[in-house]
Amino acid sequence: MIFVTGPLLAGKQSCICAALGISPDEFARRAVRDVQELAAAAPDLPALAEALSRREIVIATEVGGGLVPTDPAERAAREAAGRLSCLLAERADTVIRVCCGLPQVLKGHLPC
């Protein structure tokens, strides 16, 4: 599994499409995006990470930067998203952080 993370609108999908030489339509078939949104409602983060790791490409937007939310539910959701990202990175063959459209390989190698 290739796990891609980075800030919102940083070019994560475009970068991976270019690296793999695939179209956006093919990307939609092979990948799952915005998994950070699944974390808050997940009763079992390790089980969710295990299920997601069966996909070829998993993309999560980093949500841990900036001000800490005052709302307890928003803080819990942000914490869950960060923990899910850690679990996915642990299971991934390749981990890539994309910022400003530039990939930084954190684990494994860029698949191109």
- Placing +1 at every Lys and Arg Cβ and -1 at every Asp and Glu Cβ, with all other atoms neutral, what dipole size does the stretch 1-59 have around its Cα centre, in debye to the nearest 20? 140 debye
- What number, rounded to the nearest 500 deg cm²/dmol, is the helix-based mean residue ellipticity at 222 nm of the chain, given -39500 (n - 2.57) per DSSP H run of at least four residues and division by all its residues? -12500 deg cm²/dmol
- Query: Using +1 on the beta carbon of Lys and Arg, -1 on that of Asp and Glu, and nothing else charged, what's the dipole of the stretch 28-112 about the Cα centre, debye to 20?
  - Reply: 300 debye
- Item | Estimated FRET transfer efficiency (residue 56, residue 99; beta-carbon r; R0 30 Å; 0.05) | 0.85
- Note on the structure: A correct fewest-to-most ranking of 99, 15 by other Cβ atoms within 10 Å would be 99, 15
- Given H placed on each backbone N at 1.01 Å, which residues far from residue 106 in sequence or on other chains put an amide H within less than 5 Å of it? 95, 96, 97
- Message: Along the Cα→Cβ direction, 7 angstrom out, place labels at residue 79 and residue 28. What is the inter-label distance in nm?
- Response: 3.7 nm
- If the chain between residue 40 and residue 67 were fully stretched, how many nm would it gain, using 0.36 nm times the residue separation less the Cα-Cα distance? 7.9 nm
- Note on the structure: Membrane-span-like helices (DSSP H runs, Cα span along own axis at least 24 Å, mean Kyte-Doolittle at least -1.0) in the chain -> 72-91
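All of the numbers you see were taken from the coordinates with simple rules; none came from a lab. Just so we're clear, the structure is a prediction, and the values are computed from it rather than from any experiment. As a convention, Cβ positions derive from the backbone with ideal geometry for all residues, glycine included, and neighbour counts pool all protein chains shown.
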